[in-house]
1. For GLU220 paired with GLN82, estimate the spin-label separation in nm (one decimal), with each label point 7 Å from Cα along the Cα-to-Cβ line.
2. Only counting other Cβ atoms within 10 Å, I'd like PHE97, PHE163 sorted with the fewest neighbours first.
3. Whole-Hz Karplus ³J(HN,Hα) for the stretch 141-153, in order, using 6.51 cos²θ - 1.76 cosθ + 1.60 and θ = phi - 60°, x for Gly and Pro?
4. Which order do VAL99, VAL157, VAL232 fall in if you start with the one that has the fewest other Cβ atoms within 10 Å?
5. Rounded to two decimals, what is the ratio between the C-alpha radius of gyration of the stretch 85-145 and 2.2 N^0.38 Å?
6. At a 10 Å Cβ-Cβ cut-off, how would you order ILE108, ILE177, ILE85, fewest neighbours first?
7. Given +1 on the Cβ of Lys and Arg, -1 on the Cβ of Asp and Glu, and no further charges, what dipole in debye does the stretch 108-171 carry about its Cα centre, rounded to the nearest 20?
8. Of the listed pairs LYS103/LYS130; LYS113/LYS208; LYS109/LYS166, which have alpha-carbon separations greater than 23 Å here?
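Just so you know, all these numbers are worked out from the coordinates, no wet-lab data involved. Keep in mind it's a predicted model, so treat the numbers as computed, not measured. Here the Cβ positions follow ideal geometry from the backbone for every residue, glycine too, while neighbour counts run over all protein chains shown.
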Amino acid sequence: MTLKCKLKSVLVHSFSCIPLAILIGSSISALVNAQTISPFPPPFPSLEEREYQRCLDRSSNCIRPPLNEQIPKPPEQKSELQRLIGQATSDYNSRRFSVAEEKFRQLIKSYPKYPLLYYQLGNALMRQGKAEEAVSQYQQAIRLDPDYAVAHNGIGVTRARQFRWKEATEEYQKALIINPTYADALKNLGEALWHQGKPIEATASLEKARNLFKQQGRTEELQLVDQLLQQVQQNTL
């Protein structure tokens, strides 16, 4: 078996040489599990509010923008949103991706300022093979919150499924600039670097991911990274 075939067998689940087909699946599941997210995320400040906060770091002569978008919803609306998100997430976890897609779209109409909803919609679209639509939703989540690392990881996984490894690498690196201890992004970056013929860099990224997974007690992910590292070592001797 050639090195190229071995690489594909570890990293891409949709090809013929697949002794470790579950590995790319871990990248997809990481989209949901990579970051602990409250069922009802707090309102994110607008870009104007962010600029106001930055201004305060430099001067006291700052004009605060209107706060209408930052007023928390009443408790009964929080409960309703949490219930609806739970329903859509349950459909997603049950692999009813088209149903989850429609529910997240409806939620976005009522709550257009929540990055989580765009991110989860992107996940549902990606799992249906709607790559460009998924990327568009991840990008919208990032526009609402530039520090939304999991959305960058989502774009990276989508590009990796298209074998656009350089673009995938760039997105994983953006996620890691935001959160250097994002273990899933480190693992995904290692996969992408390996596909680009960079085994030394790939190994370094995978080792970092391994240490973090071990610290977090994520046994399944730890085993997958160990398998990846073994394959990298075997094919670079």
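1. Result for the modelled spin labels: 2.6 nm.
2. PHE163, PHE97
3. Coupling constants for the stretch 141-153: 4, 5, 4, 6, 9, x, 9, 7, 4, 5, 6, 4, 4 Hz.
4. Going from sparsest to densest Cβ surroundings: VAL99, VAL232, VAL157.
5. In units of the 2.2 N^0.38 Å rule of thumb, it is 0.99.
6. ILE177, ILE108, ILE85
7. Here the size comes out at about 220 debye.
8. LYS113/LYS208; LYS109/LYS166
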